[in-house]
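What follows draws every value from the coordinates through simple rules; no lab data is involved. Predicted, not measured: the structure shown is a model, and the values here were computed from it. In this analysis, Cβ positions are derived from the backbone assuming ideal geometry, glycine residues included, and neighbour counts consider all displayed protein chains.
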Amino acid sequence: MAVMKLDKSIAQQAIHVVDKLKTIEPEIPLNFRLEVDPRGDSYDEALAARVADPLWMLSRQWQFREFDGEDAGTPVDVSYRLSGTPVLGYAPGLDPKDGEFSAFSAGDIPLEARVEAEPLLTSNSHPKANIEAGQVLRRYCTHAGRDDVAQAAHNAYPAALQMPPDPLSDVAGMLWHLLLDGAGIDAAALARDLRTNRKPDGSLSALPATLGLGMDAAPLLADWLRWMDDFIAEPEDASAWQPNRFEYAFELAAGDGKQRLRLDAQEYVDGRIDWHDFDVRAGRGGRRGILPDSEAKALDDPTIRSSIANQIQYAGMPATRFWEFEDGQVNFARLQAGPLDLVRMMVAEYALVHGNDWFLVPARVRAGGLYRVREMTVRDTFGRVTTVQPVANEPNSRWRLHGLVDLDSGDVDGSRLFVPPPLSDTLEGDILEEVALARDEMANLAWAIEKRVQGTSGEPLDRALEDQRYSLGQQPNVASTDATLLYRLMTPVPSHWLPLIPVRTPGSLSLDIQLQRAGMKRFYRIDNAAMTAIDGYAEFIERLRNSPEFVTALPVDPANPDIQVFVFHPRGLLLRTDPSLDITADSLFIEEEEVPRAGVHVERRFNYARTADGRAWLWCGRRKRVGRGEASSGLRFDIGVPPGRR
């Protein structure tokens, strides 16, 4: 009995301990971590990525249709034949006539420079660059020990750099005038006279009589003239710039003994000419009507070419190896697309699904030609040979991913590719002239804002700073303590804000309108009280009257003899149709669709690039970019303001 009682007490204690353990909550220490304890020196087993059920992997491959064999073999060898049509003619403008085409060669001046380049030295729009070219002649003469030639050129062709009408608004022009006026050589005038006596080999047959030099100076001047030809590109072709659209328009003529084609570029603005800038159409005027060389030969391959296909690589491409880390800088998973963003969805599908199905076959061709693949066969890794045919569109479908639009039929010709002459990355200089086209919803107007223009030296001039000088005399001569409200017919707008007035398109019976550039009017008091009340006001009015290039003084109204009206016009070239005309006779009509709500920025800059032969080219061209939205001029009419405000 005693033993039985002892066992029962032990059992009761055990039950009590178990109940107590049930109430104890597990505790995890704060500093807790798991550490691996490798027992081997090799990672082969871990990298093998063994699975317990290989059949599961095969099932997943079957579910993803990896056993269908759609990709087949990988291309190894590609045989193909190309046919090409040379481009031999160039003509600026929209729809040029057959006789307006001039010769074009890929080895001549770059196509970008031929389209964009505008006269600088010959038009004297950059006097400082003209004098710098004359300084190069001085260095040529100093190196040759002929300082007498430089002195004779300076005496016969002195360069002038005018003092700005308002030196305080064009400080750079004033400083360059004080430094260079009369101290340099007019390089443009000297080069013009030397070219009249130049032989085909580049030598000079005679020298201008104004120099008073013997023919022993001719080789030196001929060397400088060759440098002058390469200094700034100034083609003799007519301008391809379309001022009503702020775009370049030109055509290239392509043809051989079989066909005549035109490559039409009507909206070139970005500074780099490529195949997608062109449309194609049949040449008119007969087989020999648009090309200077009627016996041009086709650029067809005489034999079949053979090349190795390379897989296309791009950033963020899915990795093909199991343990390869993909590029983390590109995240296609974050690509957001709506139901109608077909292009984005196509890009995502190409990058993630079909990116490894594209191969590149290099082909060396002559630049400046229009090419087509005549035949192509591919041999894959299994030894099979496949003939590749061009992809045909669906019936009644004209859409293609890429190609040249046929302007005659409206179809997209995806079988041709234009290879323009290559050009290195273009270096752009500082802005010489800048104009912003913007809409002003509050004023119900569109504005052309001249932000920068070229000053008297050719260097850029900030017109916003210049306008501060023209604001002189606009403040009313009323004490600020006077409580009387002043009546304003209209609030003043900066002089470099030029209104674009909507007008009916000439000859149009519809409601189509254009935007006509107008001048900004300013009203100034010219009575004796105003002339004597403000220091420098009389000189300011006289300066306006003596600035006919961009300021027009209207006749004084007999009913208001104390008020003079001045009209401010554009100072630069971007808002001019024909800079050779008087500003009052030069009208500019802009197509309304060229001024969207986002606005437009148009610039003139120096451009520097090299062609494939290593030759450097410098020219002045124009660029058109998207603006920064709407603008606010603050224009209001019929308001009353306190005396201290404008």
Looking at 579, 544, 437, which one has the Cα that reaches farthest to the positive end of the dipole of segment 427-641 (charges on Cβ: Lys, Arg +1; Asp, Glu -1)?
437
To the nearest whole percent, what portion of all C-alpha pairs in segment 125-235 is separated by more than 24 angstrom?
27 percent
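Arrange 281, 50 by Cβ neighbour counts within 10 Å, fewest through most, would you?
Ranked by crowding around the Cβ, least crowded first: 50, 281.
Where does the charge balance sit around residue 563 when Lys and Arg score +1, Asp and Glu -1, over other residues with C-beta under 15 Å from its C-beta?
Value of the local net charge: +2.
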State, to one decimal in nm, how far the label point of residue 192 lies from the label point of residue 135, with both points 7 Å from Cα in the Cβ direction.
2.3 nm
Going fewest to most other Cβ atoms within 10 Å around each Cβ, 196, 611 line up as 196, 611
Tell me the Kirkwood radius of segment 199-278: reciprocal of the mean inverse pair distance over distinct alpha-carbon atoms, in Å.
16.9 Å
Checking the table 97/128; 97/297; 97/521; 97/624 against a 32 Å threshold on Cα-Cα, which pairs fail?
97/128; 97/521
Using the basic label-point model (7 angstrom from Cα toward the beta carbon), what is the residue 236 to residue 352 distance in nanometres?
6.0 nm
Packing rank of 455-461, 158-164, where each peptide gets the mean count of other beta carbons within 10 Å, highest leading:
455-461, 158-164
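Restricting things to Cα coordinates, could you compute the convex hull volume per residue of segment 533-586 in Å³?
It comes to 92 Å³ per residue, whole-number rounded.
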Helix-only [θ] at 222 nm, the chain, -39500 (n - 2.57) per DSSP H run of 4+, per residue, nearest 500, equals -6500 deg cm²/dmol
Surrounding net charge for residue 371, when Lys and Arg each add one and Asp and Glu each subtract one, Cβ distance under 13 Å
+3
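Hey, can you rank 348-360, 516-528, 441-453 by average C-beta count inside 10 Å, highest first?
Top to bottom by mean Cβ count within 10 Å: 441-453, 516-528, 348-360.
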Subtract the Cα-Cα distance of residue 612 and residue 400 from 0.36 nm times their separation in residues, and report this length gain in nm to one decimal.
73.2 nm
Based solely on C-alpha atoms, express the radius of gyration and the Dmax of the chain in angstrom.
37.7, 151
Going by Cα centres, segment 513-563 and segment 328-402 are how many Å apart?
64 Å
Which percent of Cα pairs goes in each bin when the distances of segment 130-172 are cut into 5 angstrom slices starting at zero?
5, 21, 21, 16, 11, 11, 9, 5, 1
Calculate the tail of P(r) for segment 427-641: the fraction of all Cα-Cα distances greater than 25 Å, expressed in %.
49 percent
When 332, 566 are ordered from fewest to most other Cβ atoms inside 10 Å of their Cβ, what list results?
332, 566
